[in-house]
Structures are given as C-alpha cells and as structure tokens.
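Read through the structure below, which is laid out as structure tokens, and then see the notes.
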Amino acid sequence: MTALGDLGSYPAIQALAINDAGQVVGYAGAVSTGGPTVTRGFLYRAGSLTDLGDFGGAQTNVVPAAINTYGQIVGTVSAYEKPGRAFTYAGGMITDLNNLIPAASGWTLLDANGINDNGQIVGSGQNASFQTHAYLLTPGIFPQISLTSSNAVQIEFTAPANAGAYIEYSDTVSGGAWQLLAVLDPLSTIHQVIITDPLSPGTSMRFYRVRTR
C-alpha cells in the first residue's frame, strides 16, 4: 500500500480513478473557517501530487472523475451551492469543457464522468430548455499554429483515434485554391501531430485548414 500524500493545507485525500500507467486522480479537501468544505483536484504520478488548478473566481471546488491511458482527465469544477461546469485537464492545463463546444449549441455541460482512450467524454448537461440529459462528446481537430526559430510555420494538434486528415494551405481565402501540405493516415489511438511548413521565400501570408478523411 502506498500513501499518496497531501496538498499541504488540503490534507483529506480521496482517490477516485486510476489508469493503466498507475496515474491516480482524486481530490483533497479542507474545511475553510466558518465556511463550506473546499476541494482541490489532484493528479498523482511518479510519487508526487499535482494540483489541477481551477477556473478562478468562485469556481474553485475541483473533483476529477476519470483519467484515460494518455493522462487526460475529466471532472467537475463548481462553486458553493452553484451548478458545476465540466472540465478537461491535459498538458498541465485545466479547461472548461464548455469552451470547446460551439457557443450557439444551447448546451451547458455540468459534469464529465468518463473519458476513453479515443478522447470521447460522457457526462450530463442542460439544453436550452434547462432540461438535464446525458451527453457523449466526441473530439474534433483544433490546430495550433506557431512560428519556429527558423520562421517556418508549425501546425500542431491532437488527432482522434481512427481518423485520418488532410492538412491544406492557401495564400488567400478569397477564391484561392487549397493546396495539399500533408496526408495523415488514421491510427488506432489518439496521438499528437506536428507538421512544419518551411514557407517559400517572399511569402507574407498563409492560411491553413485540417479536414478529416
């Protein structure tokens, strides 16, 4: 048996889930003076605990519910006596899951209770009529674009399992044709993709898009 330790001023530890790599998630609690219990989500790996953070403001009670093989975590962030918000944690960053769905969807994702190795998330939420329903959220591809030290363009994104993609570029979005930069074959697991475009001399502007196959 291994004691997981604590988060300093949050000594009451509850472990909730474990993945195949032996990483553990749970929460640490403490009773604030004259107030409700405050909880902090944690990730235990390599013998140490990491605080998952929160959304800031009043939404500081963090309870993770599940972790997949790749260390992606889901759970709920809430404030005292207020509805929760589903979150995802990956790459050292906690994100409101509601920020990753279309703003006009009419849905508010209240909690996230499970995530599989394809990145699919399940939980419950409210629709525009304030009715509560279960949901299944399947991830799409959201590229991040940056410049390298040699002024090449780097396109990075997380590819879902069993989904190939075309990475394309164009020097204009007003009637210009899209050119193929790379073709990705589908893999059986979720994976990170990094594509570099060295750019031609004199190129001052370029647009990119990713299309699933």
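The values are calculated or read from the model by the stated rules, or taken from the named source; none is laboratory data. Just so you know, these numbers come straight off a predicted model, no measurement behind them. FYI the Cβ positions are ideal-geometry reconstructions off the backbone, even for glycines, and counts take in every protein chain you see. Note: areas computed on protein heavy atoms with side chains; ligands, DNA, RNA excluded. Shrake-Rupley method; radii C 1.70, N 1.55, O 1.52, S 1.80 Å.
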| request: Net charge near residue 68: determine it from the other residues with C-beta under 14 Å of the C-beta of residue 68, scoring Lys and Arg +1 and Asp and Glu -1. | output: -1
| said: Along each principal axis of its Cα atoms, how long is the chain end to end? Whole angstroms, biggest number first, please. | reply: 64, 45, 31
| note | Env charge @ residue 123, Cβ radius under 11 Å, K,R +1 / D,E -1, value 0
| field | With every protein chain in place, the chain: carbon and sulfur % of accessible area (1.4 Å) | value | 52 percent
| query | Which net charge results for the neighbourhood of residue 143, defined as the other residues with beta-carbon distances under 14 angstrom from its beta-carbon, given Lys and Arg at +1 and Asp and Glu at -1? | reply | 0
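Using alpha-carbon pairs under 8 Å, 6+ residues apart, how would you state the relative contact order of the chain in percent? All intermediate terms of the calculation are to be shown ahead of the outcome.
Numbers: 483 pairs, mean separation 23.7, N = 213.
Reported relative contact order: 11 percent.
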